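Colleague: If you scroll down you'll find the structure; I have some questions about it.
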Amino acid sequence: MRQRLENIDYLGLVLWLFRTAIIVAVVWGTVATIRDNPYSTRNWIDFVIFGLAQGSLYALIALGYTLVYGVLFIINFAHGEFFMSGVFTATVFVAIPMGQSGFLDRNPILALLIIAVVAMATSVGISLLTERIAYRPLRRAPRLVPLITAIGASFFWQYFFRGLYGSGITAFPTVQALQGSWSIAGIDILKTQAVVIVASILLLITLYVIVMRTKMGKAMRAVAEDKEIAALMGIDVDRVIVITFAMGSAAAGVAGVLYAILFRQVHFFMGFIPGIKAFTAAVLGGIGSIPGAALGGLFLGMVESVGPSLFLEGLGIPSSYQLKDVIAFTMLVLVLIFRPQGILGERLAEKKA
Amino acid sequence: MDTQIGFNWRESVRLGLIGGLVALSLSLIGVVETFGGRGIISGVISLGQILLFGAMAGAGYMSARQNPHARTGLNLVGGLIAGLLASLPLIVLVFVAGPINLRDFLPNASPGLLKLLIFEQDQATGSLLLLAVSAVVGLVGAGITLLPGRVRHPLLMGLLFVLMVGLLSEIIILAWGTKGLGLKIRRFMFDKGLSIRGTLLVFLIVAGLNALWGALGGRAQARVSALPAQQQKVLGWGRIALGVLFMLVLPMILRTYLTEVINNVGLFILMGFGLNIVVGFAGLLDLGYVAFFAIGAYTMGVLTSQGELGVAGMSFWSALPIAVAASVLAGVILGVPVLRMRGDYLAIVTLGFGEIIRILALSDFLAPAIGGAQGILKIPKASLGGLEFVAPETLYYLILAACLVAAFVSWRLRDARLGRQWMAMREDEDVAEAMGINLVQTKLLAFAMGAAFAGLSGAIFATKLSSIFPHSFNLLISINVLCLIIVGGMGSLPGVMVGALILVGLPELLREFAEYRLLMYGALLIVMMLSRPEGFWPEESRKRELHEFETEPVLAD
């Protein structure tokens, strides 16, 4: 008997209890909400569509985390700042002047393209600068060292852009062409949300094709597998890493513009929380995998949008929307504890930690 | 040295342009103008200008460092060119700002900044002046590398102290310069910043002392280390006693305002000691450390508050153990799920925990218990036998006592079995486990000890402010504490104190720093990790560990 007591995995037991408690709470809340049914079907559809739009943004940002982690095994904490820097710069220098001169309303597609290109260029520039200064010299350092520089870079860029463009919230000009909604199969979708979802999915597919079908993508995958062997095969590892950073931050730059279209504001702190959430999405889907990032992003966006109303309200929590971020962070914690390999990923956490 | 190696002009040009971009960035993010108001040497130079020309001097210095074997003349010319190029972006800025209103885009490209850049002259003269000054500064920067060490060290030390004293001149005047001897000194040495007389005085004293130490210090040190072990031990204890005595009389020297600043530093030192155990000793990067600080503060608040939210109306002393215990419990509870996690994943999860706690504290969900955004008010002051810890001078002793306890505990634990287990775990978890260390227990103890210090700090914080609000407990506190132990040196106890004094003390004293505090922290984290990952006051084993990956020796300077 005593022998048996000693053999129990207490840690496993505690973790199991923890997991069960959360599942019970979620189920309980959901059942209670469904019973009371405070929302109409229309509300639920809105929640889901908003979740999809939000989630596709997370997916785009998560792509950068996934690509960089896949190649370098560092959490690029400053990725959220790449996202912010591009759209902030594009808003201040391009979008606002174009909005004032009326160009934005006369040629919305061209204008948005220009904004996106400027945002991408800035994001890529900032990310390459960061890679060159803060990451490259530390490639062989103990693992916590680049993580700390990444945190430093994140705060540095946040407050750099705060100094550059001011600390207030800057309004992104309204795009008249994207006002109102489209009716698709009897469901009204806000035009902005539809554009965000479609653009994100197209971009994700493009990047996936690049990584899986082109020679460069092949090199990236080789470097992700083993840097030294890749170098022996004649791959310029530094160049591949730079291109990886560039791809990830270009996606983040576009995500920034889509974010601005959706929420119509930009500010220096806008990258931080979405950055952490996108990281959650990347881990959720399985870090290192592009479809995983997409899936994780969409899933996280949905849970965050539907969750407060679905299970928090059922538990009798007032103003449950305030706890939307708690849901995201709890998911982050849960995924990292119970399934660090994510939905689609291989078991990286154990292999490489 | 006369060699045949060609001078690397491209490098000088590159460094000059980089320096120019740095100077331009500093100007456009508002650093130059904001710090332009802080005179270092009255009427001669402000902190803003020092930072601006620091970029040029740095370009010159680096350019000379890149060509260590080139002839002196070439090196000086290289520095000159680097300085010259570094001023170009600024001159472009000055001329562009004429026709285009840059303030529409960049709020800091203000007329004040432009006036500062061209020394309040007209555009043409000012630009030429800027060009000339930059070139000279670049030249000087290059020249510094060429001086022999025994001249360079006193020179740099003297300049550093002039900078420090000038920086703190306002505080020095505020604390001492209002009557008697203080006023006389103030008249002699200070104006807006140091006066020219004061500058010379400070520079000569410091440079002289440094030169003297350079000449004689080695011998004095040798004599001390030649003493028998017994006497060295006495000397060691004497030093500690002197330190304690100094700390006891500190509030009398510092007066109220500075004591208040020191108190804030003290709270961070306390947290620093705690995080030092978790990150420095045990190697578990915790980014949600503020959670335990918050839990300590909120427990203290709820238990002692005399407002509506107070539940027990306890005194500070009876609530203190409970607050610490609550933090420890939280440390263990949050520690259990992350036991199997390593490195960067741990960092992210703890960051998540910290944010969860803050959002919960802010939410309406817990508002009935802990006040939501309104916080907890009317937290009573601590008192001990008739002595009320209200004024900063008395509160100081409470914080000092807590810090001493924490320092003692950390110091003893480090050398104890537990401390060695932590460090073994930090070096390699698998090996540590194979050597028979119980990882679960060791990790949980690290989290618990770290949380205990943070809880203690939080409890004192609550009574110090007598009200607490969720926004005091944001992620930035965690980053702040992390930054100070990294700057001081992970795992090093004196390092924690030095780090806290620099990173918490300085920004509190200089209000302009407040806005750029995190910019500075971010840059500091990167620079430290690139150049001195072991910190300014490193612990021996850590230093070795971090320099392991370097194949070539670091350039000794």
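Colleague: How would B:Lys184, B:Lys192, B:Lys464 line up from fewest to most surrounding beta-carbon atoms within 10 angstrom? The partial results should precede the final answer.
Modeller: Working: B:Lys184 11, B:Lys192 16, B:Lys464 23.
Ranking B:Lys184, B:Lys192, B:Lys464 by Cβ neighbours within 10 Å, fewest first, gives B:Lys184, B:Lys192, B:Lys464.
Colleague: Mind putting a number on the dipole of segment B:149-213 about its Cα centre? Charges go on the C-beta only, +1 for Lys and Arg and -1 for Asp and Glu, and I need it in Debye to the nearest 20.
Modeller: Roughly 140 debye, rounded to the nearest 20.
Colleague: Would you mind checking segment B:194-216 for residues with the amide N under 15 Å from a putative spin-label position 7 Å along Cα→C-beta of B:Ile185?
Modeller: Output list for this probe position: B:194-195, B:198-199, B:201-203, B:205-206.
Colleague: List A:Thr330, B:Thr463, A:Thr41 from most exposed to least, where exposure is judged by having the fewest other Cβ atoms within 10 Å.
Modeller: A:Thr41, A:Thr330, B:Thr463
Colleague: While we're here: If I model the protein assembly as shown as equal point scatterers sitting on the Cα atoms and use the Debye formula, what is log10 I(q)/I(0) at q = 0.04 Å⁻¹?
Modeller: -0.20
Colleague: Amide H neighbours of B:Ile437 under 5 Å, at least 5 residues apart or on other chains, H built in the peptide plane: list them.
Modeller: Result for B:Ile437 returns nothing.
Colleague: Excluding B:Arg517 itself, what net charge comes from residues whose Cβ is under 12 Å from its Cβ, given Lys and Arg +1 and Asp and Glu -1?
Modeller: On the way: positive: A:Arg162, B:Arg511; negative: B:Glu508, B:Glu512, B:Glu515.
Net local charge, B:Arg517 excluded: -1.
Colleague: Please get the size of the charge dipole for chain A, origin at its Cα centre, with Cβ charges of +1 on Lys and Arg and -1 on Asp and Glu, quoted in debye to the nearest 20.
Modeller: 560 debye
Colleague: Any idea which of A:Ser101, B:Cys483, B:Leu212 is furthest toward the positive side of the dipole for the protein assembly as shown, if Lys and Arg beta-carbons carry +1 and Asp and Glu beta-carbons -1?
Modeller: B:Leu212
Colleague: I'd like to verify something in chain A: which complete DSSP H helices, judged by Cα projection on the helix axis, reach 27 Å or more and average at least 0.0 on the Kyte-Doolittle scale? Before the final figure, lay out the partial values.
Modeller: Values: long enough: A:10-36 (39 Å, 1.46); A:41-72 (45 Å, 1.13); A:108-130 (33 Å, 2.33); A:144-165 (32 Å, 1.09); A:191-213 (32 Å, 1.93); A:237-263 (38 Å, 1.79).
Membrane-span-like by this rule: A:10-36, A:41-72, A:108-130, A:144-165, A:191-213, A:237-263.
Colleague: Normalised by the residues of segment B:234-499, what does the relative contact order come to in percent, with Cα pairs under 8 Å and at least six apart?
Modeller: Reported relative contact order: 37 percent.
Colleague: Residue farthest toward the positive end of the dipole of the protein assembly as shown, with Cβ of Lys/Arg at +1 and Asp/Glu at -1: which of B:Val332, B:Met449, A:Phe160?
Modeller: B:Met449
Colleague: Note down the Stokes-Einstein diffusion coefficient of segment A:87-131 in µm²/s, whole number, using a Kirkwood radius over alpha carbon pairs, 4 °C, and 1.567 mPa s.
Modeller: 121 µm²/s
Colleague: What shape does segment B:43-170 have by the C-alpha gyration tensor, where a ≥ b ≥ c are the square roots of the eigenvalues, rounded means a/c under 1.5, and otherwise prolate means a/b greater than b/c and oblate the rest?
Modeller: Numbers: a/c = 2.70, a/b = 1.49, b/c = 1.81.
Note, shape of segment B:43-170 comes out oblate.
Colleague: Identify the residues of segment A:93-122 with backbone N under 18 Å of a label point that sits 7 angstrom from the Cα of A:Gln176 along the Cα-to-Cβ direction, or state none.
Modeller: Residues A:95-113 fall inside that zone.
Colleague: Considering the dipole of chain A built from charges on the beta carbon (Lys and Arg +1, Asp and Glu -1) around the Cα centre, which of A:Ser127, A:Ser319, A:Leu202 is farthest to its positive end?
Modeller: So the residue furthest toward the plus end is A:Ser127.
Colleague: Also, quick follow-up: Would you work out the charge dipole size for the protein assembly as shown about its Cα centre, treating the Cβ of every Lys and Arg as +1 and the Cβ of every Asp and Glu as -1, and quote it to the nearest 20 debye?
Modeller: Using only the charged Cβ atoms, the result is roughly 1240 debye.
Colleague: Hey, another quick one. Under the definition of partner shielding as Cβ atoms of other protein chains within 10 Å of a residue Cβ, what is the mean value for peptide A:324-331?
Modeller: Per residue, the average neighbour count from other chains is 4.
Colleague: A follow-up question, please. What list do you get for A:Leu60, B:Leu346, B:Leu212 if you sort them by fewest beta carbons within 10 Å?
Modeller: Listing A:Leu60, B:Leu346, B:Leu212 from fewest to most nearby Cβ atoms yields B:Leu212, B:Leu346, A:Leu60.
Colleague: Check which residues have an amide H placed less than 5 Å from B:Ile45's amide H, if you skip close sequence neighbours.
Modeller: B:Ile40
Colleague: Another one. For chain B, please report how many Lys pairs fall under 23 Å Cα to Cα, leaving out neighbours fewer than 8 apart on the same chain. Please report the intermediate quantities before stating the final value.
Modeller: Working: B:Lys115/B:Lys192; B:Lys179/B:Lys192; B:Lys184/B:Lys192; B:Lys378/B:Lys464; B:Lys381/B:Lys464; B:Lys443/B:Lys543.
So the count of such lysine pairs works out to 6.
Colleague: Mind giving me the FRET efficiency for A:Val48 and B:Val311? R0 is 60 Å, r the Cβ-Cβ distance, nearest 0.05 is fine.
Modeller: 0.90
Quick note: the coordinates plus some simple rules give every number you see, no bench work behind them. As the structure is a prediction and not an experimental result, all values here were calculated from the model. Cβ atoms come from the backbone with ideal geometry, glycine included; neighbour counts cover every protein chain shown.
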